[in-house]
Amino acid sequence: MRKYLLFFAMFMLAVATVGAAVYKWVDETGTTHYSETPGSGKKAEKVNMPPPPPKEVVEEAQRKFQESREEELYKKSVNRSLSLSELGKLPLRTSSEYVETLAASMLLDTQRLVGQIHLMLKAKPNLPLGAYLETHFENPENPGKSIVVGEVWRRSEQPILILSPEFRGIKCRNYQIVVYVYTEKSKDKLLGIHSQTIQSRINLDKVRSSKELVDALMAGGNCP
């Protein structure tokens, strides 16, 4: 956002100063000044200002600045830590055409202060061997950009265990997991979609040590 803000400010300055004389002068302390009038009794040098940028360039700078600002506001709104009343009840395990959820949780490493989403699925009889499960984990560190983990289903009787990468930046939030079930890894044919919500009642931003995290877990969370 800063680069767009600087870009935008530079163009606004160029527009604002066009047509006005600008002088450069140095005071007795050696500090250089720029102003529309030279310092009293100072030797000033007139600075030639560049012409204003074309209208379409200014409009493009304004558009990028606005988009960047909206993106920052969006990230802050979707990634803020929620209160217990906002979180609501713990999500229920879900079932879809080809799989059902056996367990889903946020695993927290009390030593390294990181978390990892754990999803265990049960394959239904109609899930074909060789099916490709593409799991999209909501990313606590970068809202709006999910992290994808893929797995080929080759075990007909065992549960399907899917683990996300490790995350920091975990908040008191409900996080979404979406599993796309394809016939095979080529993803030529989508069979179905399985969705599961998990809830974190820990805000890692408030945790500074292993003891604080253990205490928060023993207390059932640190959400307001």
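The values are calculated or read from the model by the stated rules, or taken from the named source; none is laboratory data. Bear in mind that the values here come from a model prediction, so they are computed numbers and not experimental data. Neighbour counts run over all protein chains shown; Cβ positions are idealised from the backbone, glycine included.
A few comments on the model shown:
- Filter result (over 25 Å from Gly192 (Cβ atoms) and outside any strand (DSSP E or B)) within region 98-133: Thr110, Gln111, Arg112, Leu113
- Candidates Ser164, Ser186 - the one that is among the polar types (S, T, N, Q), within 26 Å of Leu121 (Cβ to Cβ) and in a loop (DSSP other than H, G, I, E, B): Ser186
- Any hit, region 139-149, residues being exposed (fewer than 12 other Cβ atoms within 10 Å of the Cβ) and more than 17 Å from the chain's Cα centre (by Cα): no
- Enumeration of residues in region 46-89 that are at pLDDT 75 or above and surrounded by fewer than 12 Cβ atoms within 10 Å (Cβ to Cβ): Lys46, Pro54, Glu56, Ser83, Ser85, Gly88, Lys89
- Pair list, Cβ < 7 Å and 6+ apart or interchain, from region 150-167 residues that are surrounded by fewer than 15 Cβ atoms within 10 Å (Cβ to Cβ) to residues that are at pLDDT 90 or above and outside any strand (DSSP E or B): Val152/Gly130; Val152/Lys185; Arg154/Leu129; Arg154/Gly130; Ser156/Leu129
- So Leu127, is it buried (at least 18 other Cβ atoms within 10 Å of the Cβ), of a type outside the set (Gly, Ala, Ser), more than 24 Å from Arg80 (Cβ to Cβ) and out of contact with any strand residue (DSSP E or B) (no Cβ under 6 Å at 6 or more places or on another chain): yes
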